[in-house]
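My questions all concern the structure below.
The values are calculated or read from the model by the stated rules, or taken from the named source; none is laboratory data. Predicted model, so just to flag it, every value in this text is computed and none were measured. FYI the Cβ positions are ideal-geometry reconstructions off the backbone, even for glycines, and counts take in every protein chain you see. Accessible surface is based on the protein model in full, side chains and every heavy atom, while ligands, DNA and RNA are left aside. Shrake-Rupley method; radii C 1.70, N 1.55, O 1.52, S 1.80 Å.
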Amino acid sequence: MNMTAALAVTGCQSIAIPAYFWRTDNAWNRILGNAAARARVSVIVIPPCSDTGGEITPCVKPGDKPIAEYTDIIRRAKTAGIKVLSYVWTDYGRRTYASIAAEISRTKTNYNVDGIFLDGVSTASNHFTLYANLSNYIRSARGGFVAMNPGVVPNSAMLMAYADLLVTFEGTYSTYVNSYTAQGWTTAYPASRFWHLVHATPATATSNAVRLSELRNAGAIYVTDAVLPNPWNRLPSYFSAEMTILRSRCG
């Protein structure tokens with residue numbers, strides 16, 4: 001199966017959620033217990049702690065014993081056809097391949113996720129070998145989907161060879177409107193390969209954020225009114241409205 005194509009929801013934009021919620025948070029039921037959400041959400045990222053520690057709170061320690069609540073969440077999501085990715089921090093190329101690969105192996109074994117979300121991805125060409133090797137390991141040795149988050153549009157398309165899904169924006173709504181930097185090479189790829197994460201977005205601006213993401217060729221989107229230091233630790237207050245907006249733009 002073409003795993004990138006599976007992100008499209010009947011050819012429309014989908015919601016991809018960095019779901020850094022506590023394992024008993026009702027947000028999981030709002031996603032997985034709602035037919036409309038299950039139909040619109042394409043990806044969730046569960047929050048195991050990185051070996052380097054502290055990036056995400058709350059998180060799941062990648063130890064020997066899987067946490068039952070997360071195992072159940074993953075099972076429910078996969079049954080609904082949602083891809084489940086596990087979070088791994090790469091520290092912008094400063095972590096070693098061996099340490100990252102070991103963490104990937106543990107979380108894949110413990111939680112049987114569909115793939116890995118590599119965060120803190122460097123766009124510097126001298127780090128591309130690291131990401132190429134990690135991508136090969138995830139896809140071949142571990143059999144999984146690869147998402148990468150540099151948080152900006154790279155100057156070149158090189159990372160597209162290694163990522164099934166690339167985050168080319170992560171930031172506030174104000175930055176998204178006023179300071180987004182595009183690169184022409186992105187138009188050569190389908191929207192299903194790109195993901196935008198927009199936080200600190202007022203409810204009244206949700207529709208405009210979605211409209212901009214569509215114009216900027218992002219097939220996966222997540223807009224929230226939550227703010228730093230962790231805008232991903234809850235669902236947006238307008239989660240249902242966001243789904244309605246996406247459906248209305250689908251035609």
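Please enumerate, by chain and number, the lysines with C-alpha under 19 Å from the C-alpha of residue 65, excluding those fewer than 8 residues away in the same chain.
Candidates past the 8-residue exclusion: 108.
Could I ask something else about it? Going by a ≥ b ≥ c, the root eigenvalues of the Cα gyration tensor, does the stretch 109-156 fall in the rounded group (a/c under 1.5), the prolate group (a/b larger than b/c) or the oblate group? Mind showing how you got there, number by number?
Numbers: a/c = 2.88, a/b = 1.79, b/c = 1.61.
Verdict is prolate for the stretch 109-156.
Given a 1.4 Å probe and heavy atoms of the protein chains only, how would you sort 237, 135, 105, largest accessible area at the top?
Descending order: 237, 105, 135.
Next question. Once you charge only the Cβ atoms, +1 for Lys and Arg and -1 for Asp and Glu, what is the size of the charge dipole of the chain about its Cα centre, to the nearest 20 debye?
Dipole magnitude for the chain comes out near 500 debye.
Do me a favour and compute the ellipsoid semi-axes for the chain from its Cα gyration tensor, root of five times each eigenvalue, largest one first, whole Å. List each step's numbers first, then the result.
Values: eigenvalues 125, 98, 56 Å².
Result for the chain: semi-axes of 25, 22, 17 Å.
Roughly what % antiparallel, to the nearest 5, for the DSSP beta bridges in the chain?
If we restrict to bridges inside the chain, about 5 percent are antiparallel.
Once you have a ≥ b ≥ c as the square roots of the Cα gyration tensor eigenvalues for the stretch 195-235, tell me rounded if a/c is under 1.5, and otherwise prolate or oblate according to whether a/b is larger than b/c.
Working: a/c = 2.76, a/b = 1.56, b/c = 1.77.
Oblate.
Compactness ratio of the stretch 182-251: Cα Rg over 2.2 N^0.38 Å, N = residue count?
1.13
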